[in-house]
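Worksheet: the structure to be examined is printed underneath.
The values are calculated or read from the model by the stated rules, or taken from the named source; none is laboratory data. Predicted, not measured: the structure shown is a model, and the values here were computed from it. Positions of Cβ are backbone-derived with ideal geometry, glycine not excepted, and every protein chain shown enters the neighbour counts.
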Amino acid sequence: MNACYCGSRECSVGLKHRSPWGTVQIVRCSSCGAYRTADMPTPEQVAELYGGDAIYRPPTEEDYAAKKRRFSAIAAEIRSSGTVAGRMLEIGCNAGYALEAFKEQGWDVTGCEHNGSTADYARRRVGSRIVRSLAELDPDVRFDLILLSHVLEHIVEPMPFLKELTGRLRPGGALYLLVPNYGSLFVRHLYRNNWSGYLPCSMSGTSTHTPSGDCWR
């Protein structure tokens with residue numbers, strides 16, 4: 001059993017849940033209460049899940065427009081807080097709908113996306129730089145805002161990753177995080193066995209675990 005993000009190895013009995021993608025197994029940390037996968041994925045499973053098109057593929061025009069509207073509202077919310085548009089980085093930018101929404105509101109946007117087909121779509125659609133990993137960025141470049149929308153729960157080691165991201169911020173810069181809520185009323189009572197927030201490691205059906213520490217409380 002892998003250690004939790006807090007370092008503890010004490011956890012509850014594994015719980016199995018169904019999802020549109022297959023069956024997954026999660027456990028709850030007895031120390032901090034975080035829900036996480038029973039076992040971490042192998043590098044091969046990570047490459048299969050995030051590099052292929054089983055889940056991540058270019059959206060329809062309707063889906064793109066709907067997601068862009070949601071991020072336009074987020075960009076407006078950030079602006080209303082007094083934040084001035086500057087340089088923005090999105091980790092896991094997918095097809096670029098958030099990047100386009102922020103770009104239209106004056107931000108200089110850069111994306112980071114592992115999936116090749118959605119990254120290519122974002123480059124064509126948004127016309128901004130899309131890299132495959134942070135290592136491709138100049139080590140001296142800094143951002144006023146770094147956005148992670150439903151990305152953090154896919155990171156096997158989130159604490160070192162967040163530390164790396166804070167080093168990419170300019171003084172006064174901010175991280176904006178969106179994560180699924182496993183403990184919400186909707187998930188616990190309505191979507192418990194049919195929630196797309198659960199992803200099996202392998203889309204071929206050879207594994208029954210979530211891809212990472214999916215679904216924090």
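Remarks
- Looking only at residues of region 27-54 that are in a loop (DSSP other than H, G, I, E, B) and among the acidic types (D, E), we find that the one that is surrounded by the most Cβ atoms within 10 Å (Cβ to Cβ) is D39.
- Checked against (1) at pLDDT below 95; (2) over 28 Å from P139 (Cβ atoms), A65 passes all but a single condition, namely (1).
- Of all residues in region 121-133, those satisfying the criterion of being under 19 Å from A47 (Cβ atoms) and either surrounded by 15 or more Cβ atoms within 10 Å (Cβ to Cβ) or touching a Phe, Trp or Tyr at 6+ places or on another chain (Cβ under 8 Å) (or both) are I130, V131.
- Qualifying residue in region 117-129 (condition: over 24 Å from L49 (Cβ atoms) and touching a residue at least 60 places away in the same chain (Cβ under 8 Å)): no
- Residues located in region 37-77, provided they are in contact with an Asp or Glu (Cβ under 7 Å, 6 or more places away or on another chain) and in the same structural domain as S8 (by TED's automatic domain parsing): T37
- Residues of region 147-176 satisfying the condition of being hydroxyl-bearing (S, T, Y) and either surrounded by 13 or more Cβ atoms within 10 Å (Cβ to Cβ) or within 14 Å of A34 (Cβ to Cβ) (or both): S149, Y176
Residue by residue, here is whether (1) modelled with pLDDT under 95; (2) in contact with a strand residue (DSSP E or B) (Cβ under 7 Å, 6 or more places away or on another chain); (3) within 19 Å of P158 (Cβ to Cβ) holds:
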| site | (1), (2), (3) |
| --- | --- |
| G22 | yes, no, no |
| A38 | yes, yes, yes |
| A47 | yes, no, no |
| A75 | no, no, no |
| A98 | no, yes, no |
| S117 | yes, no, no |
| Y121 | no, no, no |
